[in-house]
Amino acid sequence: MKTYRGRAALAASVISGALLCLQSGVAHAQHVPAVADGTPQIDQEIAAGQLTAALHDLDLRVASNPTDVQAKFKRDTVLARLNRDDEAIAAFTALTQAYPEIPEPYNNLAALYAKHGDLGKARVTLETAVAANPAYAQGSQNLGTVYLRLALESFQQAARLDPRDTLSAQRIKSIDTALNLTPPAPVAAEASSAASAPTAYRAPTSPNGNLFTPGTMNQNNGH
């Protein structure tokens, strides 16, 4: 398997992500500092919310640098933030196929699946992310959220089928409490180096407060 170092450099940059709520499906632009990673103008455009311009410049960047994984990841992120979900799903899927050892694209692909209510695909995708890199903590956290959501749906179905099922009712309450205790946090598609962390931010809660937490694209994951 090729290593990160054998790939195009995942440059040191922090960009904001597609803040995709698990239920509400709202995408929000988020300000983060631009850093020098070969595409400072694009980082500035993203930070300023000039996503159409950023996408245009990223298209040019990828066309002239087809092995620039960082640019591809940013481009997929911008597609998601523009709510061009079908294109973002196709792009993230292609990225996972080309670079199966990098877990972050799986995370953001799962976020898009969850946004559209497909928790089954989100689960499988996150399980693949964690298998690709067991040290990817964000993937494990988001996978736990998906497991809770799937368990909640199963207990709700059981309670509908048998209104006398007090055990399912108790578990529904427990899981709902656990999910709503989770701090409001977005699903993010962002990139960072080991030395830099994403700017802290919060996203509006979805109707039941269930959101994924930010992901980072780190060339040193697992190394």
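Any read-out appearing in this document is the output of simple, stated calculations on the displayed coordinates, not a laboratory observation. Worth saying up front: this structure is predicted, and the values here are computed from it rather than measured. Glycine also receives a Cβ, built like all others from the backbone with ideal geometry; neighbour counts cover every protein chain displayed.
Before moving on, here are some points about what is shown:
- By the count of other C-beta atoms within 10 Å, a proxy for reagent exposure, L51, L167 are ordered fewest to most as L167, L51.
- Shown here for segment 31-109: GluC sites (Glu not before Pro) in loop regions (DSSP other than H, G, I, E, B) with at most 15 other Cβ atoms within 10 Å, namely E101.
- Volume of the Cα convex hull of segment 39-195, divided per residue and given in Å³: 132 Å³
- Shape category assigned to segment 78-160 from the gyration tensor of Cα positions, a/c cut at 1.5: oblate
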